[in-house]
Structures are given as structure tokens and as C-alpha cells.
1. Taking neighbour counts of Cβ atoms within 10 Å as a proxy for exposure, in what order, fewest first, do 178, 121, 50 appear?
2. Quick one: go through region 62-77 and flag any residue whose amide nitrogen is under 15 Å from the point 7 Å out along the Cα-to-Cβ line of residue 127.
3. So how do 119, 90, 168, 82 line up by other beta-carbon neighbours within 10 Å, fewest first?
4. Under the classification rounded if a/c is under 1.5, otherwise prolate if a/b is larger than b/c and oblate if not, where does region 126-190 fall, given a ≥ b ≥ c as square roots of the Cα gyration tensor eigenvalues?
5. Under a point spin-label approximation (7 Å from Cα along Cα-to-Cβ), what is the residue 160-residue 178 distance to one decimal in nm?
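Each reported figure results from applying straightforward, stated rules to the coordinates on display, with no laboratory input. These numbers come from a predicted model, not from an experiment. Don't worry about glycine lacking a Cβ; one is built from the backbone with ideal geometry, like all the others, and counts go over all protein chains shown.
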């Protein structure tokens, strides 16, 4: 399976909220054959690893997947020499890969279910440290000016990191915008005497 075919499948999946199966198309010397992979209603974490390995195998990568527990979250860390190819520019390819895997795992769930974090060579941990460093700089600005700062839209994982970073902060509170969007903004505000977190 070519990489362009794989990412075209990602784009189609993002548009189809109620898909029932994923088709992997393989070529052989006799022509094209289609293999269908069906997924049951409840997917185990072992199935998540197997599904990720199948996806990466079709991209022709040499890799190893390790399972890690971080803060109560299940992480599948990919070790490969093709890390840049899987991470993509600013982590967008990695985000798409994680999105696709979780859509397959939770195909019957409207909101949430098993959410697996996909990482490549510890990229997300490094990015998390850089990300929180930038957020803390903005929080210092809020402390100095006493004016709220609205952060760029971010996914639920990043929003959770921001909320957790300031849950015990006596001076800064956080509030997420309402709505069904996948990417939402958070506002960093000076904490009032009652304090709040959205």
C-alpha cells in the first residue's frame, strides 16, 4: 500500500463518522485483491497494538511498537529509523495516524471509548515539555498584566495538559470554550478568590 493511498484513506475516514470497515488494497503478481478487516464492538489494547502494527506494516516500515502507561493513559510508542516520516511536519502525520487508529478502535462510540496515544521515539514527551514551557511563559504574562490570554485551538489531550498544569496554581485558572469542535481554545485568566476551571 502506498503512502499516498494510506493518507487518502485517512482523509476519507475523517469525513465518514459511521464507517463499518476498512479496506486495505494489496497488489500481487496476479493483479489487485482486496482484503477486508472487520473490527468488533469492543477493542482491547492488544488489538490496538496489532492494528497499529498492521497499518505500519502496510507502509513498508521497519519498526517495533512498545506499550507504555503514562499517567493512566495507554501509549503505543513506535521505534523506527523512519521517525521523521511518521511524525511529519509539526507532528501532523502522527496526529493523523493516532486519529485513524482511535477511530477504528471506537467506531461504534459517538464520543469516547478506548483512546490510545501514538508516539514515535518519544516525540510527544519532548513536545509536551516544550508545549508546557510555552504555556507557562504565557501564564507569567497573565500574572504580570492581569489580562486573560486566549490560546490557539488545541486537541483534547493538549487541553487536558493545560488544565492539569494549572489546577493547583493559586494565581491562574483555565477555561475551555464550549461546543462540539474537536479543536477548542483555552483561556488563561487571573484566578478570582473562588477560582474556576472549565
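1. On the way: 178 8, 121 17, 50 13.
Ordered from fewest to most neighbouring Cβ atoms within 10 Å, 178, 121, 50 come out as 178, 50, 121.
2. In region 62-77, the label zone of residue 127 (backbone N under 15 Å from the point 7 Å along Cα→Cβ) covers 75-77.
3. With the sparsest Cβ surroundings first, the list reads 168, 90, 82, 119.
4. Values: a/c = 1.78, a/b = 1.27, b/c = 1.40.
Because a/c hits 1.5 or more and a/b fails to exceed b/c, region 126-190 counts as oblate.
5. A separation of 2.4 nm, rounded to one decimal place.
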